[in-house]
Each structure stands twice: as C-alpha cells, then as structure tokens.
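Scroll down for the structure; my scribbles are underneath it.
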Amino acid sequence: EMQSIPHLYHPQDAMNGGLAKIQDLVTAGHPLEDALKLHSSKKAAEKKNFLRVTQGVHASMRLNMEQAILSQYRRLPGFHSEFVGLEVMANTNEFIGFEDVLNDPRERFEPPTDLHLGMERRLGLASTVEQYQTTFSRPAF
C-alpha cells in the first residue's frame, strides 16, 4: 500500500497556529503510543459493555451522555481548561503522569490572545474576519 503525502488545502496561519509540519502527518508515531491509545479505548469499551450487561442499556447510555456533556465544557479563548470532570470519570486524576509535569501549556510563553478573535475562530467565522482585518487594519498610534 503506497502512502501519499498529504496536501495542505488552505493557507496555514503560522503566527497563531504554529508551523505546519507535513512530516508529522506522514510519519507514524511510536508503537507504544499507539498501543496506549488502543488500550485506553478498549478499556473504556469493556467498562461500557460490563455496565450494559450488569445494569442494563441505560447505564451505558448514561455514561456516554455524561462523557459527552463533560467534554463539551470549554472556557473562553485564552483561559486554560482542565476538564476535571473527565479526569474524575476516567480515574486519571489519581495518577501523576509525565503530561502533568512536562509540556504544561500554561508555562509556555504565548502572547495574550484577542478574546473576540478567539471566539470567532471557535465559531468558524475567523476566515472572513481575518480577511477583513488585513484589508482594514487599525492605524498604529
């Protein structure tokens, strides 16, 4: 099976989104990383199956509903969101992993983001807004 190089179909905003690395999209990750992702998804599926068999279909449906609700909560752009409810559901709040110590997004230097521009990006309005911002830029004082 031949692997093709992915194409970037739209221009990338390198200042706000970082540099796009096609190599990261093409190369495979570490085998252990893939095994850990599969293990956690299998573990969640087994838990839902166990609930369905022992308590009925409603327990599995309730777990899916709670997970969907807890994963939707987001703070305004520019503020850190931790998803504590999802961590409690998955029992990952009891263990300290390398992702808790290393690569914390709050420790990176990032200039403060414009709240309005962040919301426009989240709502899918940013492409038209950014186009007009370059055309009608504010004068520098």
Task: Segment E82-N103, length gained on full extension (0.36 nm per residue, minus Cα span) - done: 6.2 nm
Task: FRET E, pair I69, E46, Förster distance 22 Å, beta-carbon r, rounded to 0.05 - done: 0.50
Open item on the list: Please list, by residue number, everything in the stretch 62-97 whose backbone N is under 15 Å from a paramagnetic label point 7 Å out along Cα→Cβ of Q55.
Closed with: 62-68, 89-91
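All of the numbers you see were taken from the coordinates with simple rules; none came from a lab. This one's a predicted model, so the numbers in the text were calculated from it and none came from an experiment. Glycine gets a Cβ as well: all are built from the backbone with ideal geometry, and neighbour counts include every protein chain shown.
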